[in-house]
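Down below is the structure, laid out as structure tokens.
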Amino acid sequence: MAADSDKSEARALPTADELAQALKVEVYDNKGKSTPLGDLAKGQRTALIFIRHFFFVRRLSEAVPPSDLPANTRVLVIGCGSYQPIDDWATAASSKYPVYTDPSNKLYTLFKFKSNLSQGDGSEPRDYMRDAGGAVARWFSGITAALGSLQNLPYVGPKSQNGGEVILSAEGECEFISRMQTTVDHTNVSELATLLGASKHDTAGQ
């Protein structure tokens with residue numbers, strides 16, 4: 001029963017008020033320019049990827065490049081911390097999607113994303129983790145990607161902050177949300193590809 005409750009909580013849609021507030025939150029690009037989230041998503045079906053680590057974005061970029069998305073559909077990657085590490089992070093993740101950050105963490109709060117360092121019990125392995133290695137290797141790779149260089153150290157967000165995935169309709173309504181319950185609990189790339197209606201996606205190894 002507890003597991004069922006956690007899963008239900010993980011995918012409970014935000015309230016209309018929570019979503020309205022979220023769309024007003026300013027996010028920052030790699031140059032430090034701020035834009036309300038709602039302006040970025042306006043008029044297009046938009047998947048928001050609130051990242052925990054780069055393995056997910058790397059796999060998503062490989063399996064579902066922008067050219068495979070339906071017309072009027074886009075993917076935005078959002079992290080926490082300041083904007084300065086974005087370029088290093090995007091390079092390490094081989095991201096084919098725009099990367100933004102929410103230094104205020106307001107979006108993480110409004111969408112009720114969890115903060116913990118739980119590794120989970122491994123009962124539901126994720127397709128994007130197949131080449132990620134063990135916990136220590138993942139931690140080291142994640143730190144390396146986030147930092148890029150020591151000059152980025154002051155700008156990295158909370159290491160315990162988990163993320164998730166949100167899909168907004170072109171009209172600005174929330175169609176889907178999944179909140180990470182552990183540090184290895186992003187939505188499977190194969191499921192997200194299906195939800196987005198990707199024309200094709202690489203399922204090798206999934």
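Potential lengthening of the chain between Gln44 and Leu13 amounts to 9.2 nm, from the contour at 0.36 nm per residue minus the alpha-carbon distance. When both the stretch 5-41 and the stretch 98-115 are represented by their alpha-carbon centers, they are found 7 Å apart.
Under 16 Å of direct C-alpha separation, and excluding same-chain neighbours fewer than eight residues apart, Lys31 reaches no lysines at all. Convert each backbone phi in the stretch 177-188 into a coupling constant with the Karplus relation 6.51 cos²θ - 1.76 cosθ + 1.60 (shift: θ = phi - 60°), then list the ³J(HN,Hα) values in order as whole Hz, x for Gly and Pro. Taking θ as phi minus 60°, the curve returns 8, 9, 9, 4, 8, 9, 6, 10, 10, 5, 4, 4 Hz for the stretch 177-188.
Quick one: pull the percentage of alpha-carbon pairs in the stretch 29-75 with a separation above 17 Å. Pairs farther apart than 17 Å: 47 percent. In terms of the Cα gyration tensor, with a ≥ b ≥ c the square roots of its eigenvalues, is the stretch 1-104 rounded because a/c is under 1.5, prolate because a/b exceeds b/c, or oblate? The shape class here is rounded.
Laboratory data are not the source of any read-out in this text; all were calculated from the coordinates shown. Model, not experiment: these values are computed from the prediction.
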